[in-house]
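J.: Quick one: the structure is below, questions incoming.
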Amino acid sequence: MAQTTITGQVVDSLSGDGLEGASVMLKREGKTVTFVRTDKNGYFSLKVERERNDKLQGSLMDYSRQTIDLEKDDGNIIRMAQKSFRLKEVRVLASPVLQRKDTIIYDLTHYATDRDNTLKDVLKKLPGVEVAKNGRISYNGKELSRFTVEGMDLSKGQYNKLTDNIRARDVKRAEVVNHDQPIKALRNRVFTDDVGMNITLKDSVRDRLVPILRPYFLVGQPTHVGGDAAAMQIGKKKQLEYTVQYDRTGRDMEG
């Protein structure tokens, strides 16, 4: 049986560029008969006594091995697929929960959905955070000793007003501080067992006056008969809150 010269090319399956230094083996019944390496343009040439069912197999580091039948109509082109490739764009998403020393930071934008109306709705979803029916907040079973928004205690401890009135779509982060020390001069000096929480707002709403209106209805009545209205302006240096209740049923609002 006379020897035959077999030629072909090894190329990248995506770009079509020739691959230099790839090994091309002639396989017969699973065994390697002979092999050769490709030139700088991916071309190869080998002499062999051919038999039926001979195959060509290409291999190269960082590429998956590829086997083709000998003498296909495409001229023995072996198309190699990369095992790994460089992405044109990489998005790195931060974890929704981070810890920095005694502070646990929750990314509230990860937990808030269109179904959530208030900050309280979002806080109920945070791991380790519990919101009681009366609105009191606990972390790992310990009730908060301090609740601030942008570092300030606007509610003077009555934070139900804030968690009920701050909109879910306006919040950015919740920071839970273990061993919370409200007195700056004593921080890192006098440790406590208290737990505090600070809420950070999105830049788009910080320092802006945000109105909130919550009407309520009587059963079977299509027209609302009262409700609550509030307006809040929360920033890092100045915070204001205005609230009003109205009722059209004759109920004593002072009761």
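The values are calculated or read from the model by the stated rules, or taken from the named source; none is laboratory data. These numbers come from a predicted model, not from an experiment. In this analysis, Cβ positions are derived from the backbone assuming ideal geometry, glycine residues included, and neighbour counts consider all displayed protein chains. SASA here: full protein model, heavy atoms, side chains in, ligands and nucleic acids out. Shrake-Rupley method; radii C 1.70, N 1.55, O 1.52, S 1.80 Å.
J.: Among the residues of region 65-77, which ones are under 47 Å from the mean Cα position of the chain (by Cα), surrounded by fewer than 16 Cβ atoms within 10 Å (Cβ to Cβ) and outside any strand (DSSP E or B)?
T.: Residues satisfying the conditions are 65, 74.
J.: Sticking with this one: I need the strands (runs of 3 or more DSSP E) fully contained in region 91-133, keeping only those with at least 1 residues that are open to solvent by less than 30 Å² (accessible area, probe 1.4 Å), touching a residue at least 24 places away in the same chain (Cβ under 8 Å) and not aromatic (Phe, Trp, Tyr). Can you show your working first?
T.: Numbers: elements: 97-100, 103-107, 129-131.
Passing ranges, in order: 103-107, 129-131.
J.: Looking only at region 137-154, how many residues end up being part of a loop (DSSP other than H, G, I, E, B), surrounded by 14 or more Cβ atoms within 10 Å (Cβ to Cβ) and free of Cβ contacts under 8 Å to residues at least 60 places away in the same chain? Give the derivation first.
T.: Initial filter on region 137-154 (part of a loop (DSSP other than H, G, I, E, B)): 140-141, 144-145, 150-151, 153-154.
Applying the additional criterion that residues be surrounded by 14 or more Cβ atoms within 10 Å (Cβ to Cβ) yields 144-145, 150, 153-154.
Within this subset, residues satisfying the condition of being free of Cβ contacts under 8 Å to residues at least 60 places away in the same chain are 144-145, 153.
Matching residues across region 137-154 total 3.
J.: Among the residues of region 10-64, write down those that are outside any strand (DSSP E or B), closer than 21 Å to residue 81 by Cα and among the polar types (S, T, N, Q). Reasoning before the result, please.
T.: Quick first cut of region 10-64, residues outside any strand (DSSP E or B) only: 13-17, 19-22, 29-30, 38-42, 49-54, 60-62, 64.
Filter once more, keeping what is closer than 21 Å to residue 81 by Cα: 13-17, 19-22, 38-42, 60-62, 64.
The answer is 13, 15, 38, 41, 64.
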